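Visitor: Here it is: the structure, laid out below.
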Amino acid sequence: QVQLQESGPGLVKPSQALSLTCTVSGGSITTDFNYLNWVRLPPGKGLEYIGFWRNSGNPYLHPALKSRASISRDTSKNEFTLNLTSVTPEDTATYFCGIGGFYYWGQGIQVTVSS
């Protein structure tokens, strides 16, 4: 069974950098999956697509976030990571990782940006 688990800080101060890791079990991100995705759900709003890492080229990032966001892969740990710099309270959301065209989802992790 393929499973994903998000991990990282639940509370981040404004202007800090946010780092969230998606740990994958039951499948290899090296050989089984080409796209590694992140989305988020702000409170009271709809889903916001962040971007994806891909083996065939440069990662894709949504234009609204590409100046602050990056996605990387660690094959030795079967993990991939979202990094978001200069966070503001508007970055408060539940963050989800997904692979295989979002066929597999993590449970989500709540991140609050506040002083």
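The values are calculated or read from the model by the stated rules, or taken from the named source; none is laboratory data. Keep in mind the model is a prediction, meaning the values are calculated, not measured. Reconstructed Cβ throughout: ideal geometry from the backbone, glycine too, with neighbour counts over all protein chains shown. Keep in mind that these areas ignore ligands, DNA and RNA; they rest on the heavy atoms of the full protein, side chains included. Shrake-Rupley method; radii C 1.70, N 1.55, O 1.52, S 1.80 Å.
Visitor: Could you order Trp105, Trp38, Trp53 so the one with the most accessible surface comes first? Probe is 1.4 Å.
Guide: Largest accessible area first, the list is Trp105, Trp53, Trp38.
Visitor: Same structure again: With a cut-off of 8 Å between alpha carbons and a minimum separation of six or more residues, what is the relative contact order of the chain in percent?
Guide: Reported as a whole number, the value is 37 percent.
Visitor: Once you put a point 7 Å from the Cα of Thr88 and another 7 Å from the Cα of Gln3, both along the Cβ direction, what distance in nm separates them?
Guide: Roughly 3.8 nm, to one decimal.
Visitor: Here is a further query. What size of dipole, in debye to the nearest 20, comes out for the chain about its Cα centre when the only charges are +1 on Lys and Arg C-beta atoms and -1 on Asp and Glu C-beta atoms?
Guide: Dipole of the chain, to the nearest 20 debye: 180 debye.
Visitor: If you don't mind, there's one more thing I want to ask. Roughly how many nanometres apart are two label points built 7 Å out from the Cα toward the Cβ at Asn78 and Ser25?
Guide: It works out to 0.9 nm between the two label points.
Visitor: Mind giving me the FRET efficiency for Tyr103 and Gln16? R0 is 35 Å, r the Cβ-Cβ distance, nearest 0.05 is fine.
Guide: It comes to 0.60.
Visitor: Right, next: Using a probe of 1.4 angstrom, how much of the accessible area of the chain is carbon and sulfur, in percent?
Guide: For the chain, the apolar C and S fraction of the accessible surface comes to 48 percent.
Visitor: For the modelled label position 7 Å from the Cα of Ser114 along Cα-to-Cβ, which residues of the range 56-99 have backbone nitrogen atoms closer than 20 Å?
Guide: In the range 56-99, the label zone of Ser114 (backbone N under 20 Å from the point 7 Å along Cα→Cβ) covers 86-96.
Visitor: How far apart, in nm, are two points set 7 Å out from the Cα along the Cα-to-Cβ line at Leu41 and at Tyr60?
Guide: 2.2 nm
Visitor: With every protein chain left in place, what is the accessible area per residue of the chain in square angstrom, probe 1.4 Å?
Guide: Using a 1.4 Å probe on heavy atoms only, each residue of the chain averages 53 Å².
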